[in-house]
Amino acid sequence: MRILEIVGICVAALLLVLFAVLLRGRILMSGGGTIRLQVRTSTMVPGRGWSTGVGTFVGDELRFYRMFSFAFRPKRVLNRRLLTVENRRLPEGPERLSMPGHWVILRLRQTAEEIEIAMAESTVTGFLSWLEAGPPGQPGSVAPRPQITPRPGDN
């Protein structure tokens, strides 16, 4: 009987944790101006190190929140006045397994730091528009759009 009580408490705690994570995600996405994206947090292993989350546009910032976290503070903050898009490419190698096929990877530079983010092709269009629509002064810049060649077998 004691084992059943312990198992019941563990299941209830697990459900409570799952509910808290889902509720946090709903709260973050309820404000509008949110997108699904992945940010590369580690480059130690080629094609790995991607973290899934939600990005919210707040003024001149894109704030990235990890999907499976309890934190209400963003994991990364990208300031549009300091961002430059350096490269655009399709997922390759192991990256194709960790993200949908219609996603695009952007390599950004924020001051001296290089950042890679991935998002859907339609979201990239909105992101680049937001980046270019900054107030006068020193808005982020976008390099010329390179041609993306489809992988063999893609239609």
Going by amide H atoms built from the backbone, whose H comes under 5 Å of the H on Arg76, apart from near neighbours?
Phe64
Looking at the stretch 51-96, which chymotrypsin sites (Phe, Trp or Tyr not before Pro) are in a loop (DSSP not H, G, I, E or B) and have at most 12 other Cβ atoms within 10 Å?
Phe68, Phe70, Phe72
For the residue pair Ile3 and Leu23, what label-to-label distance in nm results when each label sits 7 Å from Cα along the Cα-to-beta-carbon direction?
3.3
Determine ³J(HN,Hα), in whole Hz, for all residues of the stretch 77-88 in sequence, where each value follows from phi through the Karplus function 6.51 cos²θ - 1.76 cosθ + 1.60 and θ = phi - 60°; x replaces Gly and Pro.
10, 10, 8, 5, 5, 10, 8, 9, 8, 9, 8, 9
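Read-outs: derived from the displayed coordinates by stated rules, not from any lab. Predicted model only: the values in this text are computed from it and were never measured. Neighbour counts are summed over all protein chains in view; Cβ atoms, including those assigned to glycine, are modelled from backbone coordinates with ideal geometry.
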